[in-house]
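Taking it in order: structure first as structure tokens, then the write-up.
The values are calculated or read from the model by the stated rules, or taken from the named source; none is laboratory data. Everything numeric in this text was worked out from a predicted model, so none of it was measured. With ideal geometry, Cβ positions are generated from the backbone for all residues, glycine too; neighbour counts draw on all protein chains shown. Just so you know, the surface numbers come from the protein's heavy atoms only, side chains and all, with ligands and any DNA or RNA stripped out. Shrake-Rupley method; radii C 1.70, N 1.55, O 1.52, S 1.80 Å.
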Amino acid sequence: MKIVIKKISMRYFKGVRTFEATFNEGRTYVYGSNGKGKSTIADAIQWCLFGKNANGDAKFGIKTIDKDGNVIPNVEHSVTLTLSVDGEEKQIKRVWVEERVKSRGKETDEVKHHTEYYINGEKFQKTDFETYMHKIIDEQVFRAVSSTKYFFSLPWQDQRQMLENMAGEVDYSAID
């Protein structure tokens, strides 16, 4: 299966209020000095697809802060990816929604969060979204091909298993 990331859009993701980039089908280079958002782009892609950052952490700070370091309240944090999957365009979107709910008998609002999942504009339940994404690409494989460190951070047994899963079983008896 050939997958190409064609476009990314972020709204209130980590330190970014809005960002949009279109990627070349060949190679796209993302570069800049420290603190300019390179890792944020990697985190956004991984979060949109798998709900984790580039390090594989499911819990990490995605909220955007203002110039004084305060979290900006009442905003939806979202990432949208446009992918080409075997030549067919797919739009994948994950939204982290913040709700202020006033509970009965309490004087202050309570902040609650939930995540919404969209494929080609249609809203999906979490399990259906995850099943769909797994059919497109395995998370481990994606991390292995998108990170220079991931594969080599795995124990050798896991490296071998991943390679065998991708290439087929190897006949080690032929090796001296």
Note to self: Please compare each pair in Lys59/Lys149; Lys93/Lys149; Lys52/Lys106; Lys102/Lys126; Lys123/Lys149; Lys67/Lys90 to a cut-off of 29 Å on the Cα-Cα distance and tell me which ones are over it.
What the structure shows: Lys52/Lys106; Lys123/Lys149; Lys67/Lys90
Notebook entry, point to check: Which loop-located chymotrypsin sites (Phe, Trp or Tyr not before Pro) does segment 32-89 contain, where loop means any DSSP state but H, G, I, E or B and the Cβ has at most 14 other Cβ atoms within 10 Å?
Noted result: Phe60
Item checked: Where labels lie 7 Å past Cα in the beta-carbon direction, separation of Ile136 and Tyr31 in nm -> 2.9 nm
Item checked: Loop GluC sites (Glu not before Pro), segment 128-173, which have at most 13 other Cβ atoms in a 10 Å radius of their Cβ (DSSP) -> Glu169
Checklist line | Charge sum, other residues only, whose C-beta stays under 12 Å from Val71's C-beta, Lys/Arg counted +1 and Asp/Glu -1 | finding: -1
Item checked: Binned Cα-Cα distances of segment 84-176, short to long, each 10 Å bin given as a whole percent -> 12, 27, 24, 19, 11, 5, 1, 0
Check: Three principal axis extents, largest first, for the C-alpha atoms of segment 69-120, in Å?
Finding: 54, 28, 8
Check: Rounded to the nearest 10 Å², what accessible area does Met166 show when all protein chains are kept and the probe is 1.4 Å?
Finding: 110 Å²
Notebook entry, point to check: In segment 27-129, what is the volume of the convex hull around the alpha carbon atoms, normalised per residue and reported in Å³?
Noted result: 147 Å³
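Kindly identify segment 131-174 as rounded, prolate or oblate by the Cα gyration tensor criterion: order the square roots of the eigenvalues as a ≥ b ≥ c, call it rounded if a/c is under 1.5, otherwise compare a/b with b/c, prolate if a/b is larger, else oblate.
oblate
Starting from the alpha-carbon convex hull of segment 96-145, give the projected area averaged over all orientations, in nm².
On the way: hull surface 21.5 nm².
Mean projected area for segment 96-145: 5.4 nm², to one decimal.
For His114, His77, His134, what's the largest-to-smallest order of accessible area, 1.4 Å probe? The partial results should precede the final answer.
Working: His114 65, His77 0, His134 120 Å².
Solvent-accessible surface, decreasing: His134, His114, His77.
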Check: Along the three principal axes, how long is segment 1-73 when you take its alpha carbons, biggest first, rounded to the nearest angstrom?
Finding: 42, 25, 20
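Rule-of-thumb check for the chain: C-alpha Rg over 2.2 N^0.38 Å?
1.22
Keeping all protein chains in place and using 1.4 angstrom, which order do Tyr12, Tyr31 fall into by accessible surface area, from largest down? Walk me through the numbers on the way to the answer.
Values: Tyr12 45, Tyr31 190 Å².
From most accessible down to least: Tyr31, Tyr12.
Run the numbers on the chain and let me know its relative contact order in percent, using alpha-carbon pairs under 8 Å that are six or more apart.
17 percent
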Check: Within the chain, what's the longest stretch lacking trypsin sites (Lys or Arg not before Pro) that sit in DSSP loops with no more than 15 other Cβ atoms inside 10 Å?
Finding: 107-148
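Determine the calculated [θ] at 222 nm for the chain from helices alone, applying -39500 (n - 2.57) to every DSSP H run no shorter than 4 residues and normalising by the residue count; nearest 500 deg cm²/dmol.
Details: 5 runs with 48 residues, N = 176.
Dividing the helical sum by the residues of the chain leaves -8000 deg cm²/dmol.
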